[in-house]
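First comes the structure, then the notes that go with it.
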Amino acid sequence: MMTMNNRELVVKGIGKAVVAPDLIVLGMDLEVIGRDYEKTMRRSAEMLDALRAAIVSAGHDGAKLKTTNFNINTKYESYRENGSHKQRFVGYACSHNLKLEFDLDMPALGATLGAIAGCEANPSFNIRFSIKDPAAVSEALLASAVENAKWKAMVLARAAGVTLGAIQRIEYNWSDLHPFSQTNYQVRDTVVREAAAPMAMNIEPKDIDMRDTATVIWMIA
């Protein structure tokens, strides 16, 4: 984007980076439903302990298993009686969402899935590939965006017969980057539970294509 007004040249620079994933992000969801609140909470804690023990047996630090969301709520089901819609209490639903991050190592992923297969917690899960140092990539993207804006400004100024002056300001919309590979790695939790041995295909996740923008405003003469 380029605009010229009040003797200013406004250019949007685009920073690009292609990064190879070096991190596995294993998301796991535990859910317990019970009619008694205390028993439901106790069972949820037992499942968490079992899951933590499983990942430790696969060589991970138990402290690396992090909670991303925890929710306890009442659960009802609808039914009809005498032509009317009614609801009955089913129990308390305790949902625990967790995350385990470790270096990109497919054999380690296989060992982890194998340990989960023998775990009574029986979580549902998803597997994603990311990067360990997104801050460094973000810094490189911003530098690239400003360089791109500078190059565009020089080309536009030369074509328009004007001279670039000092930079007046740089505008940046701070937003969260989502550094995840588009590789869709799916292993159904039922397959994991039924597997006789650890599993993980020796694949190379797709590189992560990241972009960011910055707008630079120059004085022109």
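The values are calculated or read from the model by the stated rules, or taken from the named source; none is laboratory data. Please read all numbers here as calculations on a predicted model, not as lab measurements. Ideal geometry is used to build each Cβ from the backbone, glycine not excepted, and the neighbour counts take in all protein chains shown. Ligands, DNA and RNA are stripped out before the accessible areas are found, and what is left, the full protein with its side chains, is counted by its heavy atoms. Shrake-Rupley method; radii C 1.70, N 1.55, O 1.52, S 1.80 Å.
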(message) Restricting to region 162-188, name every residue that is open to solvent by less than 50 Å² (accessible area, probe 1.4 Å), closer than 18 Å to residue 216 by Cα and touching a Phe, Trp or Tyr at 6+ places or on another chain (Cβ under 7 Å).
(response) 165
(message) Condition first: more than 15 Å from residue 219 (Cα to Cα) and of a type in the set (D, E, K, R). Now tell me which residues in region 130-160 satisfy that.
(response) 132, 133, 139, 147
(request) Determine, yes or no, whether residue 91 is free of Cβ contacts under 8 Å to residues at least 60 places away in the same chain and surrounded by 11 or more Cβ atoms within 10 Å (Cβ to Cβ). (result) yes
(message) Looking at 12, 16, 64, 75 in this structure, which one is under 28 Å from residue 187 (Cα atoms), in contact (Cβ under 8 Å) with a residue 24 or more places away in the chain and basic (Lys, Arg)?
(response) 64
(request) Take residue 102 and decide whether it is within 28 Å of the chain's Cα centre (by Cα) and in contact (Cβ under 8 Å) with a residue 40 or more places away in the chain. (result) yes
(message) Would you confirm whether or not region 19-28 contains a residue that is more than 23 Å from residue 133 (Cβ to Cβ) and touching a Gly at 6+ places or on another chain (Cβ under 9 Å)?
(response) no
(message) Test of understanding: among 159, 135, 149, which residue is part of a helix (DSSP H, G or I) and surrounded by 13 or more Cβ atoms within 10 Å (Cβ to Cβ)?
(response) 149
(message) Being within 20 Å of residue 63 (Cβ to Cβ), assigned to a strand (DSSP E or B) and either open to solvent by 30 Å² or more (accessible area, probe 1.4 Å) or in contact with a Gly (Cβ under 8 Å, 6 or more places away or on another chain) (or both) is the filter here; which residues of region 101-125 pass it?
(response) 101, 103, 125
(request) From the list 69, 73, 82, pick out the single residue that is open to solvent by 70 Å² or more (accessible area, probe 1.4 Å) and at positive phi. (result) 82
(request) Write out, first by first residue and then by second, each pair whose Cβ atoms fall under 7 Å of each other, whose residues are 6+ apart or on separate chains, and whose first residue, in region 36-59, is free of Cβ contacts under 8 Å to residues at least 12 places away in the same chain and within 19 Å of residue 89 (Cβ to Cβ) while the second is loosely packed, with under 15 Cβ neighbours inside 10 Å and not small (Gly, Ala, Ser). (result) none
